[in-house]
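Right, one structure below, let's go through it.
The values are calculated or read from the model by the stated rules, or taken from the named source; none is laboratory data. Being a predicted model, the structure only gives us computed values, none of them experimental. Here the Cβ is made from the backbone with ideal geometry for all residues, glycine too, and neighbour counts use every protein chain on show.
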Amino acid sequence: MFKFVAQRLLQTLVVLFLVGTITFFMVVNAPGSPFDAERNMPPEIRANLMAYYGLDQPQHVQYWRFLTRLVLSGDFGPSYKYNNRTVTELIAESLPVSAELGLYAVLIAVGIGVSAGLIASLRPNSVTDYAPMSLAMMGISIPLFVSGPILLLVFGIWLQWFNVSGWNSPADKVLPAVTLGMYYAAYFARLTRGGMLEILSQDFVRTARAKGASELRVVFRHALRGGILPSVAYLGPALAGIISGSFVVETTFQVPGLGRYFVNAAFNRDYTMIMGTTILFATLISVFNLLVDLVLVWLNPRLKFES
Amino acid sequence: MPTDTAPATLLAPEAEEGHSLWQDAWARLRKNRLAVFSAVVLTVLAVVCGLGPFFAQDYAAQDLARYATKPSLQHWFGTDTLGRDLFARVLTGGQVSFSVGLCATVVALLVGVTFGTVSGFYGGRVDMVMMRFVDILYSIPFPIFVILLMVLFQRSFLLIFAAIGLVHWLTMARIVRSAVLSIRKMEFIEAAEATGVPRRRIIFRHVLPNVLGPVIIYTTLTIPAVMLLEAFLSYLGLGVQPPLASWGVLISEGARSMEEFPWLLLFPAGALSLTLFCLNFLGDGLRDALDPKTSKD
């Protein structure tokens, strides 16, 4: 297992290096510059700014500086858009907000999704199967940028149960978390149902029933551990999806999180901010995928640690 | 009499068997009412969107005198804040969404099937190198890259196709590879090789037809995913540029003025959701029909 983790961490480092390098050269070679928004900037000032941030130097020099700064001091440098703020500061400020939103979303997704899938799998092809599964099908067919504005319209504007935007009171967190969570709940429901149906038809479940175990015990003690595997495997992609989904949800509900920064940074050509957010997202996804793989092996010892 | 019919059955046993397998799948699919209904709805939607320009009004014609009017007999879906007919815009948006969905899926299909077939068929070291490559690409957060790509470079239709197609070929390659790998070991391939059938003929005549099932299933599930990604990019303002519209563009425009003019959001949102709903149902139905062993997930 130690070898497996070490190998995967090494692979993660390679991936992060690739992500960083590709992003860097893509960003630097893209048309436009961080100071395009200020239209009437005299050329001398502009040249001064470019020199100040080292943007006038050859690309490989800039790349080397970015790499050494990041590796040696874990620093992404100053933001080009938010004066006198470093990227690390800005991320430290907004990451907790996004993490909170993401946590609620995952709890909703797993809690509701897995329960719905479980219920559906107990009596396949009955009402308790069709009802949650049709809802789940609707869930995966209605994208976040549709459900977000519509929930906002109905519950924020027409019924006025919640504020339209902001992230202050606990009530403000309901709509964004529900929007983000319900979409992935639909996937978890479908995966749980499929996994449970497969396990429930296996011999060891029949044996458990035959020796007189109660239905409750059969489901929770015997079947759930295997039936939940597809859902656990989906946790990795779900996290990646929740991160990119947060771009939409945070914009729709005006949540001051990292997702909004990422999109704005790309529009503003805020080079350092783009690098910072991209590398952070890539790291989160890689590390989380590794954790998920470890949990998968723990749940299903038949899997072996392979690279 | 028997001597007359015997050669005919001897000549085409292969074709007949293949035929009957597909017929089985077709029969299973037809029994799935939701899937059939979805296919019908999709066909109607595609035809209406495709024929839109011939009977609907001009999607780009502005008329500020009819600023954001409610749905009426003259403008079925109402008009937007520039006085453009929303029905025509939804149809145009549908054309864009459908064509992006189809073209990007074809990109993913071609690249993925080629890559997966080569990797699975040649196996060994070639396979290991090619799959490691896929693994590494797989762990790159692609939506993030696609967004960067779209923001940073000139937005063109071609780039949207390429960017989206490039994301989805990875899964296709993996699916095709594992299918080819298992077929490769079967005896009829060995027999073909032993009788000196050229490699290319083995691949096209014997291997590829047998991986068609999983490929079809994954393709139907890729189309909605691709349309979703296109709409997502358009929603962020990274898709097609005005006055052209896609459903994502219309939804983001509608979301901005939904407080006063909710129909601007609801119609395009409904069109996109209905399409995705039908595509997902059809994909599920095809999976059940072509691969009855695996249950729905």
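The figures follow:
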read-out: Among the candidates A:Asn300, A:Asn268, residue that is surrounded by fewer than 18 Cβ atoms within 10 Å (Cβ to Cβ) and more than 9 Å from chain B (Cβ to nearest Cβ); value: A:Asn300
read-out: Residue ranges of helices (runs of 4 or more DSSP H) in segment A:157-231 with at least 1 members within 14 Å of chain B (Cβ to nearest Cβ); value: A:174-200, A:224-227
read-out: Out of A:Ala131, A:Ala116, A:Ala109, sole residue that is assigned to a helix (DSSP H, G or I) and surrounded by fewer than 21 Cβ atoms within 10 Å (Cβ to Cβ); value: A:Ala131
read-out: Criterion violated by A:Val255 - all others in (1) buried (at least 20 other Cβ atoms within 10 Å of the Cβ); (2) in a helix (DSSP H, G or I) satisfied; value: (2)
read-out: Odd one out for A:Thr277, checked against (1) under 16 Å from A:Ala92 (Cα atoms); (2) hydroxyl-bearing (Ser, Thr, Tyr); (3) touching a Ser or Thr at 6+ places or on another chain (Cβ under 8 Å); value: (3)
read-out: Residue within segment B:124-140 that is at pLDDT 85 or above, surrounded by 16 or more Cβ atoms within 10 Å (Cβ to Cβ), assigned to a helix (DSSP H, G or I) and not acidic (Asp, Glu) present; value: yes
read-out: Only one of B:Val47, B:Val41, B:Val100, B:Val36 that is modelled with pLDDT of 80 or more and over 20 Å from B:Thr219 (Cβ atoms); value: B:Val47
read-out: One residue from A:Phe35, A:Phe66 being surrounded by 13 or more Cβ atoms within 10 Å (Cβ to Cβ), touching a residue at least 12 places away in the same chain (Cβ under 8 Å), in a loop (DSSP other than H, G, I, E, B) and away from every other protein chain (no Cβ under 14 Å); value: A:Phe35
read-out: Neighbours by Cβ (under 6 Å, 6+ apart or cross-chain): first from segment B:271-290, within 12 Å of B:Ile216 (Cβ to Cβ); second outside any helix (DSSP H, G or I); value: B:Gly285/B:Asn32
read-out: Only one of B:Leu274, B:Leu264 that is modelled with pLDDT of 80 or more, buried (at least 23 other Cβ atoms within 10 Å of the Cβ) and within 11 Å of chain A (Cβ to nearest Cβ); value: B:Leu264
read-out: Odd one out for A:Pro124 among (1) over 20 Å from the mean Cα position of the chain (by Cα); (2) at pLDDT 85 or above; (3) within 25 Å of B:Cys278 (Cα to Cα); (4) not hydroxyl-bearing (Ser, Thr, Tyr); value: (2)
read-out: Scope segment A:144-164; condition surrounded by 16 or more Cβ atoms within 10 Å (Cβ to Cβ) and free of Cβ contacts under 8 Å to residues at least 12 places away in the same chain; matching residues; value: A:Val146, A:Ile150, A:Leu153, A:Asn163
read-out: Residue match in segment A:13-32 (condition: more than 30 Å from B:Arg132 (Cβ to Cβ) and under 31 Å from the mean Cα position of the chain (by Cα)); value: yes
read-out: Members of segment A:119-148 found to be of a type outside the set (Phe, Trp, Tyr), within 14 Å of chain B (Cβ to nearest Cβ) and over 28 Å from B:Arg256 (Cα atoms), listed by number; value: A:Ala120, A:Ser121, A:Pro124, A:Asn125, A:Asp129, A:Pro132, A:Met133, A:Ser134
read-out: Checklist (1) crowded, with 17+ Cβ neighbours inside 10 Å; (2) more than 12 Å from chain A (Cβ to nearest Cβ); (3) more than 30 Å from B:Leu148 (Cβ to Cβ) applied to B:Val240, failing item; value: (3)
read-out: Close pairs (8 angstrom Cβ cut-off, 6 or more residues apart or separate chains): within 11 Å of another protein chain (Cβ to nearest Cβ) in segment B:208-233, in a helix (DSSP H, G or I) and surrounded by fewer than 20 Cβ atoms within 10 Å (Cβ to Cβ) anywhere; value: B:Leu229/B:Pro143; B:Phe232/B:Pro143
read-out: Failed item, numbered, when A:Thr88 is tested on (1) at positive phi; (2) of a type outside the set (Phe, Trp, Tyr); (3) surrounded by 16 or more Cβ atoms within 10 Å (Cβ to Cβ); value: (1)
read-out: Residue list for segment B:83-106, restricted to those being among the charged types (D, E, K, R) and in contact with a helix residue (DSSP H, G or I) (Cβ under 7 Å, 6 or more places away or on another chain); value: B:Arg89
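A quick yes/no check of all residues on (1) crowded, with 18+ Cβ neighbours inside 10 Å; (2) within 22 Å of A:Ser126 (Cβ to Cβ):
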site: A:Gly166; (1), (2): no, no
site: A:Val178; (1), (2): yes, no
site: A:Gly181; (1), (2): yes, no
site: A:Arg190; (1), (2): yes, yes
site: A:Gly194; (1), (2): yes, yes
site: A:Ser201; (1), (2): no, yes
site: A:Arg209; (1), (2): no, yes
site: A:Ser214; (1), (2): no, yes
site: A:His222; (1), (2): yes, yes
